[in-house]
Amino acid sequence: MSKVLGILNFEPSYVHVRGLEEFRPISATSILGRYRVIDFMLSNFTNSGVEAIKVFIKNRPRSTVEHITHTSYNLNSKRGKIQLLHGDVDYSNNEIFNVDVQAFKTYMQFIDVENPSYVIIAPSHFIFKQDFSELLDYHCKSKNDITVLYQNAKNTDKEYLMGDLLSIDDNKRITAFHKNRGKYKSGNVSLETYVMSTLTFKQLVEEATMTSSLYSLSDIVSDCARAMKIGAYQHRGFCACISTLNAYYEANMQIKKEKELLNLINDDWPIYTMTNDSCPTLYKSGAKVSGSIIANGCQIEGTVINSVIGRNVIIKEGAVVKDSVILPDTFIDKNVKLDYAVVDRLSIITHIKDLKGTREEPIYIKRGDRI
Amino acid sequence: MKKNNMVAMILAGGRGSRLFDLTKKVAKPAVHFGGKYRIIDFALSNCANSHISTVGVLVQYESILLSSYSARSSTWGLDSNGGGVYVLSPREKDETGLGLYNGTADAIYQNLDFLDQEDADYVLILSGDHIYKMDYEKMLKAHIEANAEATIAVIEVPKKEASRFGIMNTDKNDRIIEFEEKPKEPKSNLASMGVYIFSYKTLRKYLKEDAKNTDSAHDFGKNLIPAYIRDNLKLQAYRFKGYWKDVGTIDSLWEANMDLLKSNSGLDLFDPEWKIYTDDASATPQCIGSKAKIDSAFITQGAIVNGEVKQSVIFSGAEIQETAKVTDSVIMNNVVVGKGAKLTRCLVADDVKIPDGMVLGKKNSSDILLVSKALLAKAGESHE
């Protein structure tokens, strides 16, 4: 395989995950109890044999830095390298990285150092399983300038909003990009994953900066739809775009089904994450648990139905957790009832006994809240 | 100030024949325990948490898995510069040729060059097959304060069980005056935990003498300790309070697993200050199906439960299928319990597939049933 550089992009401006986003970028957000969102895409890279990866973070790098430095992602510890490139806040309190292209330009020297023949740019707010070596093979054979990964999706009127919809011709070439404003019920959704030669990548970055300082990679790619050969490569199987709190909630609920879980994570396609050295979970006598996935280190005395429970969560007797996503290190006291809730890390729920959201609008409990 | 350099030596070469099929291809310290651990994780994690940086693991019986597992020092955070886990298997030597380890003392004797090279001031001798959490740093402090040549960790056991252990008889200052291996009529209830600290210089001298003695069994309990007592060297007992268990039999291994379900067993694996580290499995979270029923269980990641689990410990990658019932049992790694199968008071070995509908074990059985591939093969033959 020619040398490939993996670039994990930061989330575009349309991503707003209510509550959770105030504390960390979507990439570092806990999902399925024991992972971070970023683990899925980074494992895609390393499982596909990509050894050099640059992770771009817009701001607040702490949680991502901590997580990535303690996870090996099964890379050879000498040959493999994951480098974090993060933006900062300047004196006038403006974010330096507003758009991805600015970030790529700023750190181009670190991309040059790797001397890659190809770059694969993948998003940090998507979860799917994709062998990137197959994608690269296709790209090379098809003689495309750029190949974009896409999914034929239903529910585009409710999901993937503000992402790109693709018009694809019979030769699997993309003829136009449209912003998804929810007008159509189904369509070909861009998974914001691009393969191209390093040369093309650098050209696009240059052109984008010359056009406008607000131009993103997806903007410039869509501008080039006529001038360049942009191919489409179909992804099949589970895919989630985590752009809202509701989408985050739904992604947890979808993947927690046994079939989906084992399809997404298995011995042939492991998802690597940081170990916490938590012991197994203790289900005490009187606990009732069903239809849920549970991380290690929990102590459960109450009832858990159809939920996702993170590491080291304590659920006391009489508590009922239903249709909820509980992030790690949370304490849920006796007789507390949770329905359609997303409870952020380190929070303690004691006094308020009844918290109820809806499937469309899950209630969000802030990180570290004591209520 | 130079730190007192204590090197730990874990005796992990025994066969563990009372675990039968569990140790057929795997040394006892590498047998799985408590959902996600291997037995030796306890000794290694105790070392790491006690700020010991150099650990020798003495292997002999079926050592491929144990050696490769132990060698990954970073699992327990023992990968600091100058430290690490050293796998010490018997080797061919210039003077003596190829020699196996003949006894616990001989195993250490054959590695005196390693201890010399590590510049040990003290040597901590441990067993690789005990489940407990212990701060060896505190024990070293007591050893130095007592100005002892050797300190032996002891635990109080019920008097009627004392005849199963090595018993230390002490004076009022806890100085050991007599050691009796499995005495018929025990004079005290202080059992040796198989945890010793020796001041290295003296130990080195006694090991060399012991090696020359052709009548010796080259065993710490039978030969070394008695020699120290005979020569009136200061041997101190160090009283340990807390959970400690030798998991040398199927019943005791099962019991130790069951202790994890009790909140008052004294073995707290949830304590963030004294974690037990182990190989990180890249498994899914545990998946509890919509028809599952769980009543008192210790379950780890990678397990899939769709049936009924009561008073049991479920290990990584194990699957309990719909309508299966698992009660008072230990289900080890990657076991599949088929639909409608019923297990009671069983310990199911790694990778065993229990066919649909099979019923194994009895509610009031005196012994725990070890379910291995060999047992299932036999059951299959008798059916035909």
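Observations
- Prolate/oblate/rounded label for the range A:192-260 (Cα gyration tensor, a/c 1.5): prolate
- Relative contact order, percent, chain A [alpha-carbon distance under 8 Å, six or more residues apart]: 16 percent
- Pairwise centroid distance, computed over Cα atoms, of the range B:159-181 with the range B:224-241, Å: 11 Å
- Each Lys and Arg Cβ is given +1 and each Asp and Glu Cβ -1; about its Cα centre, chain B then shows a dipole of about 820 debye.
- Percent RCO, i.e. relative contact order, over chain B, from Cα pairs under 8 Å lying at least 6 residues apart: 14 percent
- Fraction of C-alpha pairs exceeding 31 angstrom in the range A:4-264: 19 percent, rounded to a whole number.
- Among the listed pairs A:Lys257/B:Lys36; A:Lys81/A:Lys257; A:Lys259/B:Lys325; B:Lys93/B:Lys234, those whose Cα-Cα separation exceeds 28 Å are A:Lys81/A:Lys257; B:Lys93/B:Lys234.
- If you plug the beta carbon distance of B:Trp274 and B:Arg72 into 1/(1 + (r/R0)^6) with R0 = 22 Å, you get a FRET efficiency near 0.60.
- Heavy-atom accessible surface of chain B: percent carbon and sulfur, 1.4 Å: 47 percent
- Coordinate range of the alpha-carbon atoms in the protein assembly as shown per principal axis, descending: 94, 60, 56 Å.
- Using Cβ point charges alone (K and R +1, D and E -1), the dipole size of chain A about the Cα centre works out to roughly 620 debye.
- Nearest-20 debye value, the protein assembly as shown charge dipole, Cβ charges on Lys, Arg, Asp, Glu: 1360 debye
- Exercise: per-residue mean of other protein chain Cβ atoms within 10 Å, B:300-312: 3
- Per residue solvent-accessible surface (Å²) - chain B, probe of 1.4 Å: 44 Å²
- Cross-link partners for A:Lys141 among the lysines, with Cα-Cα distance under 23 Å and sequence neighbours closer than 8 places in the same chain left out: A:Lys3, A:Lys129, A:Lys172, A:Lys202, A:Lys229.
- Once the Cβ-Cβ distance of B:Asp121 and A:Asn171 is raised to the sixth power relative to R0 = 60 Å, the FRET efficiency obtained is 0.20.
- Loop-located GluC sites (Glu not before Pro) in the range A:288-371 whose Cβ has at most 10 other Cβ within 10 Å (DSSP): A:Glu360
- The trypsin sites (Lys or Arg not before Pro) found in the range B:92-197 that occupy coil by DSSP, while having at most 16 further C-beta atoms within 10 Å, are B:Lys172, B:Lys184, B:Lys187.
- Of the residues A:Tyr184, A:Met228, B:Ser188, the one whose Cα sits farthest towards the positive end of the charge dipole of the protein assembly as shown is A:Tyr184 (charges of +1 on Lys and Arg Cβ, -1 on Asp and Glu Cβ, taken about the Cα centre).
- Selection of chymotrypsin sites (Phe, Trp or Tyr not before Pro), the range A:2-48, meeting DSSP coil and at most 15 other Cβ within 10 Å: A:Tyr14
- The range A:282-365 - Debye-derived log10 I(q)/I(0), Cα point model, q = 0.11, 0.18 Å⁻¹: -0.22, -0.61
- When both bridge partners sit in the range A:4-264, DSSP labels roughly 55% of those beta bridges antiparallel.
- Taking each DSSP H run with n ≥ 4 as -39500 (n - 2.57) and averaging over every residue of chain A yields -6500 deg cm²/dmol at 222 nm.
- Members of the range B:265-294 that become less accessible by 50 Å² or more once partner protein chains are added (1.4 angstrom probe, chain alone as reference): B:Phe270, B:Lys275, B:Asp280, B:Ser282, B:Thr284, B:Pro285, B:Gln286, B:Cys287, B:Ile288, B:Ile294
- Annotation: lysines with alpha-carbon distance below 25 angstrom to B:Lys159 (same-chain offsets under eight excluded): B:Lys133, B:Lys172, B:Lys182, B:Lys184, B:Lys187, B:Lys222, B:Lys241, B:Lys245, B:Lys262.
- Within the protein assembly as shown, percent of DSSP bridges classed antiparallel, to nearest 5: 35 percent
- Inter-centroid distance (Cα atoms) of the range B:86-152 relative to the range A:242-258, Å: 53 Å
The values are calculated or read from the model by the stated rules, or taken from the named source; none is laboratory data. Note that this is a predicted model, so its numbers are computed, not measured. All Cβ positions, glycine included, derive from the backbone under ideal geometry; neighbour counts span all protein chains shown. All accessible areas refer to the heavy atoms of the entire protein, side chains included, with ligands and DNA or RNA removed. Shrake-Rupley method; radii C 1.70, N 1.55, O 1.52, S 1.80 Å.
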